[in-house]
Amino acid sequence: MQLVVRNARLRGRSGTFDLAVDGGIIRKVSKSLAQRGEEELDAHGNLVVPPFMDMHFHLDSALAYGDPRFNKSGTLLEGIEIWADKKRKISEDEIHGRAVKMLKLMLANGTQVLRTNADTTEPKQRPLRALLGVKEEFKDLMDVQVTAFPQDGIMTDPRNQEFLEKSVELGADNVGMIPHHEFTREDGVRSIEFAFDLAQKYGKDIDGHVDETDDDQSRFLEVVAAQSIKRHYEGRVTAGHATAMGSYNDAYAAKLYRILRRAGVTIVVNPLINITIQGRFDSYPKRRGMARVKELLEWGVNVALGHDCVMDPWYPLGKGDMMQALFMGVHVGQLTGYRELANSFDLITTNPAKALRMERRYGVEAGKPANLVVLEAKSEIQALARLAPPLYVVRRGKVIVRRTPSVTELIGPRGTERLDLEELMQTGKAS
Ligand code: FE2
């Protein structure tokens, strides 16, 4: 065996298991394995999960915080202005350098599947070219999809339509859109039709920014769902942000859940950034800026999470850690019931796998690729409470990230005591 992982706790199962890996594939999962591996890894009863997936990111702007200037107001609109200035003198090399750093951070935090946007309204397609290069460079470590994202709109300038098509010809994986950012409602609808036409012409999936606003009159999600049904694109469409859903009336929201479910549209929420940039036109009470995750899940709509940004013109914080995004998501969405918290891991694992139609090659089960994350926690809830980075990350049976836990000491009246932070956070069998 190439690798044997021992004493692994698995989601939804009691006790610990040993995993045998050979040829990059999980061959066996059992209570106790006699076989030895060329490499042996003891999980010490910690939770072993499949890699995290980040379903919505902007790799072209990541880690550009402060360049060419800091966002003084912290608003979305100032972020767009700063990015517009940055785009005028951006180079492929510079984007490449930041993107490589960002992917390493994501790998260290357990992400191995990433859907990133590339801004196609940059006339030379430098963001797209740079990100397609990075995708190729990292293909042994991470599955990256690049979405052609028309940041400044599709209908706002006829050239943007050409740029979008050009970017698909250059190799973008998915077609994006931003209908709420178009000049009029009618242009917004046309932009959705344009994106679908393009996606159908080139056989691509749709991955849009839809209704990222607090305007309760922004209702493009219904158009996206209707187009998905009419064009038989069920299961091939994701709608990112969808924050306006937090402002819709309940009757309208109930209609929307039904058509989203029928259309097989995945809603991707980005709680870290949207809790900071939505509600900016409110005094008090202030809106939370997130789609109705709890209700969408209850209605059987697929929901996944994105990090969206890390230290860029829009979001000044973050480290590429999907556990942080989930931590914020369960707070904003009040997913704090025991089962809700334990199941919330689906939002960064199995639900995105479903959206990307990767289920058959994703999961800690015999016959699937040995892509694994060993967390420093015994349960999902403990992992969320601690937010510790993974101890190990495995890709196709090879350890690609290894972390040595740091030492924390309490210097008290009776001397120096070495603290086991995990032990201190044990609350009983439930957690
Ligand atoms: Fe976004």
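The values are calculated or read from the model by the stated rules, or taken from the named source; none is laboratory data. Predicted, not measured: the structure shown is a model, and the values here were computed from it. A quick note on method: Cβ atoms are made from the backbone with ideal geometry, for glycine too, and the neighbour counts reach across all protein chains shown. Calculation scope for accessible area: heavy atoms of the full protein, side chains included, ligands and nucleic acids excluded. Shrake-Rupley method; radii C 1.70, N 1.55, O 1.52, S 1.80 Å.
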> Share of antiparallel DSSP beta bridges in the chain, in percent to the nearest 5?
Replying inline: 40 percent
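Quickly rank 199-207, 109-117 as a protection proxy: mean count of other C-beta atoms within 10 Å, highest first.
Numbers: 199-207: 18.3, 109-117: 25.8.
Going by the mean number of other Cβ atoms within 10 Å, highest first, we get 109-117, 199-207.
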> With each label point set 7 Å from Cα along the Cα-Cβ vector, what nm distance links GLU193 and HIS232?
Replying inline: 2.1 nm
> Label-point separation (nm) for LYS28 and GLU222, each offset 7 Å from Cα along Cα-to-Cβ?
Replying inline: 5.7 nm
> Expressed as a rounded percentage, what relative contact order does the chain have, with Cα pairs under 8 Å and six or more residues apart?
Replying inline: 18 percent
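Going by average Cβ density within 10 Å per residue, which order do the peptides 414-427, 243-256 take, highest to lowest?
Numbers: 414-427: 10.0, 243-256: 17.4.
Ranking, from highest mean packing down: 243-256, 414-427.
Is the shape of the range 52-358 rounded, prolate or oblate, going by the alpha carbon gyration tensor and its root eigenvalues a ≥ b ≥ c, with a/c under 1.5 for rounded and a/b larger than b/c for prolate? Write out the running numbers ahead of the final one.
Details: a/c = 1.28, a/b = 1.15, b/c = 1.11.
Rounded, because the longest to shortest axis ratio a/c is under 1.5.
Among the trypsin sites (Lys or Arg not before Pro) in the range 336-372, which ones are in a DSSP loop with at most 15 other Cβ atoms within 10 Å of the Cβ? Mind listing them?
Working: sites: ARG339, LYS354, ARG357, ARG360, ARG361; in loops: ARG357.
Qualifying residues, ordered by number: ARG357.
Subtract the Cα-Cα distance of ARG262 and THR427 from 0.36 nm times their separation in residues, and report this length gain in nm to one decimal. Write down the numbers at each step before the final one.
Details: separation 165, 0.36 × 165 = 59.40 nm, distance 4.16 nm.
Between ARG262 and THR427, full extension yields 55.2 nm more.
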> chymotrypsin sites (Phe, Trp or Tyr not before Pro) within the range 18-105: which are DSSP loop residues with at most 14 other Cβ atoms inside 10 Å?
Replying inline: PHE70
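Please give the per residue accessible area of the chain, computed with a probe of 1.4 Å over protein heavy atoms only, in Å².
On the way: 18560 Å² over 431 residues.
Dividing the accessible area of the chain by its residue count gives 43 Å².
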> Which residue, MET322, MET358, MET53, has the most motion in a Gaussian network model of the chain that connects Cα atoms within less than 10 Å?
Replying inline: MET358
> Measuring from label point to label point, each 7 Å out along Cα→Cβ, what is the LYS286 to ASN7 span in nm?
Replying inline: 4.5 nm
> Between the range 8-57 and the range 364-431, how many Å separate their Cα centres?
Replying inline: 14 Å
> Can you give me the Cα centroid spacing of the range 115-155 and the range 257-326 in angstrom?
Replying inline: 21 Å
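In whole percent, and with a 1.4 Å probe on the protein chains, what portion of the accessible area of the range 52-358 is carbon and sulfur?
Details: 6070 of 11680 Å².
After summing per-atom areas, the C and S share lands at 52 percent.
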> Full extension from ARG357 to GLU137: what is 0.36 nm times the residue separation minus their Cα-Cα distance, to one decimal in nm?
Replying inline: 76.9 nm
>> Per DSSP helix of 4 or more residues, -39500 (n - 2.57); summed, then divided by the residues of the chain. What does that give at 222 nm, rounded to the nearest 500?
In response: -10000 deg cm²/dmol
> For the chain, modelled as a GNM with alpha-carbon contacts under 10 angstrom, which of THR156, THR408, THR121 fluctuates the most?
Replying inline: THR408
>> Tell me which trypsin sites (Lys or Arg not before Pro) from the range 1-104 have a DSSP coil assignment and no more than 14 other beta carbons within 10 Å of their own.
In response: ARG13, LYS31, ARG36, ARG69, LYS72, LYS89
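How high is the FRET efficiency between GLU340 and ASP85 when r is their beta carbon distance and R₀ equals 60 Å, given to the nearest 0.05?
Numbers: r = 42 Å, r/R0 = 0.70.
With a Förster radius of 60 Å, E is 0.90.
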>> With only alpha-carbon pairs counted, each pair once and no self-pairs, how large is the Kirkwood hydrodynamic radius of the range 204-357 in angstroms?
In response: 15.6 Å
>> Between ASN249 and VAL100, how high is the FRET efficiency from 1/(1 + (r/R0)^6) when r is the Cβ-Cβ distance and R₀ = 30 Å? Nearest 0.05.
In response: 0.05
>> Taking the Cα of ALA385, stepping 7 Å toward and past its beta carbon, and measuring to each backbone N in the range 400-431: which are under 18 Å?
In response: 419-431
> Which shape class applies to the range 371-431: rounded if a/c is under 1.5, otherwise prolate when a/b exceeds b/c and oblate if not, where a ≥ b ≥ c are the square roots of the Cα gyration tensor eigenvalues?
Replying inline: oblate
>> Which of the three applies to the range 1-148, rounded, prolate or oblate, going by the alpha-carbon gyration tensor with a ≥ b ≥ c and a/c under 1.5 meaning rounded?
In response: prolate
